[in-house]
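First up is the structure itself, then whatever we jot down about it.
The values are calculated or read from the model by the stated rules, or taken from the named source; none is laboratory data. Everything quoted here is computed from the prediction, not taken from an experiment. Surface areas here come from the heavy atoms of the whole protein model, side chains and all, with no ligands, DNA or RNA. Shrake-Rupley method; radii C 1.70, N 1.55, O 1.52, S 1.80 Å.
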Amino acid sequence: MSTATYTVQGMTCGHCVSSVKEEVSEVAGVTSVEVDLASGLLTVGSDGPVDPAKIVAAVEEAGYEVANQ
């Protein structure tokens, strides 16, 4: 099990959190997704390494961006 953390910019409400969770959870290999609205932290759990570019693409698909990418 591995965990990666990203900072998502632009989320302002619970719907934002749901959108990010939904898109990121569809990435192959992802087993858990936690999003903290207040801090913007996205924590992704997986069985093995997941390409960070796929996580960033999923966040962008939801309409947000990952900081420092």
At 1.4 Å probe size, what's the solvent-accessible area of TYR64? Round to the nearest 10 Å². 40
At 1.4 Å probe size, with the rest of the protein present, what percent of the exposed accessible area of the chain is carbon and sulfur atoms? 47
Residues whose built amide H sits under 5 Å from the amide H of VAL33, excluding neighbours closer than 5 in sequence, are GLY45
Whole number please: convex hull volume per residue, Cα atoms of the chain, in Å³. 69
Going residue by residue through the range 22-30, the Karplus relation 6.51 cos²θ - 1.76 cosθ + 1.60 with θ = phi - 60° gives ³J(HN,Hα) values, rounded to whole Hz and with x marking Gly or Pro, of 4, 5, 5, 5, 7, 5, 4, x, 6
Taking amide H positions as placed in the peptide plane 1.01 Å from N, state which residues far from TYR64 in sequence (5 or more) or on other chains have amide H under 5 Å from it. none
Could you sort SER2, SER46 by accessible area so the largest value comes first, with the probe set to 1.4 Å? SER2, SER46
Once phi is turned into ³J(HN,Hα) by the Karplus curve 6.51 cos²θ - 1.76 cosθ + 1.60 with θ = phi - 60°, what whole-Hz value does each residue of the range 39-48 show in order, with x for glycine and proline? 9, x, 7, 10, 10, 10, x, 8, 6, x
Phi-based couplings in Hz for the range 50-56 (Karplus 6.51, -1.76, 1.60; Gly and Pro marked x): 10, 4, x, 4, 6, 5, 4
